């Protein structure tokens, strides 16, 4: 079998939503194997139909429980769901510290649900370098909804806003300085705020602080993010959360978002392609020459750029 035939048959199996083919592709994409790019190119014309929801927020907010409840709500509507759960990287294996089997056992046997945990592999921003390609894979596999759950994020780790059609920021009362937890970047990326564990003391206070901050903020699209209270472990408020996310989607902003999300991704792809043209050993040798003052770094980088152009 030729390489082209292999890729074509593999892609066909993915389009038929065969779990083993999808899992194999996800591994190839994460490992940045040579065949993964060829596979994604074949799959690309079959994408553009899935709705991508981003789920983010600080550690301990109950994001995984919320995602599990959201899966259940979507499945009740007969929607197929793919979940990309981004976790911290294990210092020993290099893989994800947390596993999807632990987090979402209720859905693992459902053939209409695909769950993949992936490690950040040292990448900042709450996501992993291959996250968007995995979303493309899930889209091609005809999943109706793709849920991307980020690793617990802080103020600057807000990449999910540039990747999802709609983003929910999950917060929880009683995390110390609530205003500190929701200011700056986290406030700006939310299309919907979820106050999870709203049966805890401090939920009303957190809601009031959010409302105050939203009254002072202004988004270019004039959208005011709604605030939804949930108790995810009991399934309370999940239908309302999904409705709030869909309300944002109904504003007709997806075309602009779709174009905007590919700007950083194309930049990242370009950097990866450039990086692959120069070996690690070449970089080390060049660094040593620069450190000895035998060569200047500007000349070296210009030479590498000329190699790419040629």
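The values are calculated or read from the model by the stated rules, or taken from the named source; none is laboratory data. Because the structure is a prediction, the values reported are computed rather than measured. FYI the Cβ positions are ideal-geometry reconstructions off the backbone, even for glycines, and counts take in every protein chain you see.
Of the residues 86, 42, 67, which is outside any helix (DSSP H, G or I) and either surrounded by 20 or more Cβ atoms within 10 Å (Cβ to Cβ) or at pLDDT 85 or above (or both)?
86
Looking at 268, 281 in this structure, which one is at pLDDT below 80 and either surrounded by 12 or more Cβ atoms within 10 Å (Cβ to Cβ) or not assigned by TED's automatic domain parsing to the domain that holds residue 166 (or both)?
268
When you scan the stretch 137-152, how many residues do you find that are surrounded by fewer than 24 Cβ atoms within 10 Å (Cβ to Cβ) and modelled with pLDDT under 95?
Count: 1.
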